[in-house]
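Novice: Structure incoming, see below.
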Amino acid sequence: MSLRYAYNTNGLTSHRLSDALSLLADCGYAGVALTLDVVHLDPFASDAFAQAEAVRARCDELDLGVVVETGARFLLDPRAKHEPTFVTASAEGRARRLAYLRLACDLAEVLGAEAVSFWAGVPRPGVDRDAAWGWFTDGVRALVDSHGGRSYALAVEPEPGMLVEDCDDWARLAAEAPGITLALDTGHCVVAGAYAPEEAVAAFAPHLGTVAVEGMRRGVHDHLPLDEGDVDLPAVLRALRDASYDRLVTLELSRDGHRAHEMVPRSVEILRTAEAA
């Protein structure tokens, strides 16, 4: 079984979405990780659902699967990166994040997505972490209650520096908020967490809702090309194959949009070579 690869649109921000989809298909990708954002399919646009239907039709033509990503930097607040979140002190802010994630899930249904990925957020200075944990679990439970059981996986991604930082944090969350899966970014494992990337794949294989790969240096949260950093890519891909993982394996190079025309074809060749190894 060959793995199915996708590329995240946050690394294609200089391309129109239609052009980006064609580029991915032409280079042999099996899917697209679509970050809902002001550049590509703004979820708050008046015609967002019509856009989603058009994207779904185009992906069907190109035989591309879809994962919906919700980590746009300034979508909810143009002056505060990633704010508000489920761990924002303001109840109104937390409600805005929940409303947005519910909207993203509705769009994912139209897109025929296989997963919707989201993260916890970073508690601001002065926010009690126990209180933040309660807010987050309440928000996740509310999202599962309204959108759990659909055809896509609801997946929480551990992010270095966020409230849910590693796979063990995710496991605690999953015990308190049943119905979620793990969005495993294997590069993050070399930044925060007790697991090597391939060990995390093996340990959490039954719970994987979506998986991301990229290069990353130990202790530094910086998404790098696949052939840079400290991740053993062949070992990660081998672990995914051993686990019979059949969902999309996505690549996020959000700082490389200016050279996407080079990184898109180069990356899939690196992936194929690593998988063959």
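Novice: In whole percent, and with a 1.4 Å probe on the protein chains, what portion of the accessible area of the chain is carbon and sulfur?
Specialist: Numbers: 5320 of 11270 Å².
Exposed carbon and sulfur together represent 47 percent of the surface.
Novice: What are the ³J(HN,Hα) values, in whole Hz, obtained from phi via the Karplus relation 6.51 cos²θ - 1.76 cosθ + 1.60 with θ = phi - 60°, for each residue of the stretch 234-247 in sequence order, with x given for Gly and Pro?
Specialist: x, 5, 5, 5, 5, 5, 5, 5, 4, 7, 6, 6, 10, 8
Novice: About the Cα centre, and with charges only on the beta carbon of Lys, Arg (+1) and Asp, Glu (-1), how big is the dipole of the stretch 1-89? Nearest 20 debye, please.
Specialist: I would put it at about 260 debye.
Novice: Right, another one. Given an 8 Å cut-off on Cα distances and at least 6 residues of separation, report the relative contact order of the stretch 67-130 as a percent.
Specialist: Numbers: 69 pairs, mean separation 25.4, N = 64.
RCO, the stretch 67-130: 40 percent.
Novice: Taking P(r) over Cα pairs in 10 Å bins from 0, in percent as the quantity of interest, determine which of (1) 6, 23, 27, 20, 11, 7, 4, 1, 1, 0; (2) 6, 27, 32, 20, 10, 4, 1, 0, 0; (3) 7, 31, 39, 21, 3, 0 was computed from the displayed structure.
Specialist: Checking each listed value against the structure points to (3).
Novice: Here is a follow-up. Could you tell me which of rounded, prolate or oblate describes the stretch 166-277, using a ≥ b ≥ c as the square roots of the eigenvalues of the alpha-carbon gyration tensor, with rounded for a/c under 1.5 and, failing that, prolate when a/b is larger than b/c and oblate otherwise?
Specialist: Values: a/c = 1.81, a/b = 1.53, b/c = 1.18.
Taking the square roots of the gyration eigenvalues as a ≥ b ≥ c, the stretch 166-277 is prolate.
Novice: Could you check the simple spin-label distance between A243 and A57, using points 7 Å along Cα→Cβ, in nm with one decimal?
Specialist: Simple spin-label model gives 3.7 nm for this pair.
Novice: Also: Accessible area per residue, 1.4 Å probe, Å², for the stretch 3-122: what's the number? Walk me through the numbers before you get to the answer.
Specialist: Working: 4620 Å² over 120 residues.
That works out to 39 Å² per residue.
Novice: Identify, among A243, F204, V32, the residue whose Cα sits farthest towards the positive end of the charge dipole of the stretch 4-276, taking +1 on the Cβ of Lys and Arg and -1 on the Cβ of Asp and Glu, with the dipole about the Cα centre.
Specialist: V32
Novice: Just grab the label-to-label distance for A89 and T273, each label 7 Å out from Cα along the Cβ direction, in nm (one decimal).
Specialist: 5.1 nm
Novice: For a quick check: with amide H placed at 1.01 Å from N, whose amide H comes under 5 Å from G215's, ignoring anything fewer than 5 positions away on the same chain?
Specialist: Hits under the 5 Å cutoff: L224, L226, E228.
Novice: For E159, E262, give the ranking by accessible area with the largest first, probe 1.4 Å.
Specialist: Numbers: E159 25, E262 95 Å².
So the residues, ranked largest to smallest area, are E262, E159.
Novice: Related question: Below 8 Å, C-alpha to C-alpha, sequence gap of six or more: please give me the relative contact order for the chain in percent. Provide the component values of the computation, followed by the final result.
Specialist: Numbers: 542 pairs, mean separation 56.1, N = 277.
For the chain, the relative contact order is 20 percent.
Novice: Still on this model: Shape of the stretch 93-252 from its Cα gyration tensor (a ≥ b ≥ c, root eigenvalues): rounded if a/c is under 1.5, otherwise prolate when a/b > b/c, or oblate?
Specialist: Values: a/c = 1.83, a/b = 1.29, b/c = 1.42.
The shape class here is oblate.
Novice: At a 10 angstrom cut-off on C-beta neighbours, averaged per residue, how do the peptides 2-10, 14-22 rank from highest to lowest?
Specialist: Details: 2-10: 20.9, 14-22: 16.4.
Descending mean neighbour count gives 2-10, 14-22.
Novice: With each label point set 7 Å from Cα along the Cα-Cβ vector, what nm distance links R266 and V127?
Specialist: 3.6 nm
Novice: Further question on the same structure: Add -39500 (n - 2.57) for each DSSP H run of 4 or more in the chain, then divide by its residues: what number comes out at 222 nm, to the nearest 500 deg cm²/dmol? Let's see the in-between values first.
Specialist: Values: 8 runs with 110 residues, N = 277.
Value at 222 nm, helices only: -13000 deg cm²/dmol.
Novice: Can you compute the charge dipole magnitude of the chain about its Cα centre, using +1 on each Lys and Arg Cβ and -1 on each Asp and Glu Cβ, nothing else charged? Give it in debye, rounded to the nearest 20. List each step's numbers first, then the result.
Specialist: Details: 25 positive and 43 negative charges, 78 e Å.
My answer is approximately 380 debye.
Novice: When all protein chains stay in place, what accessible area (Å², nearest 10, 1.4 Å probe) is found for Y29?
Specialist: 10 Å²
The values are calculated or read from the model by the stated rules, or taken from the named source; none is laboratory data. All of these numbers come straight from a predicted model, not from anything done at the bench. Cβ sites come from the backbone with ideal geometry, for glycine too, and all protein chains shown count toward neighbours. The area values use the complete protein model at the heavy-atom level, side chains included, leaving out ligands, DNA and RNA. Shrake-Rupley method; radii C 1.70, N 1.55, O 1.52, S 1.80 Å.
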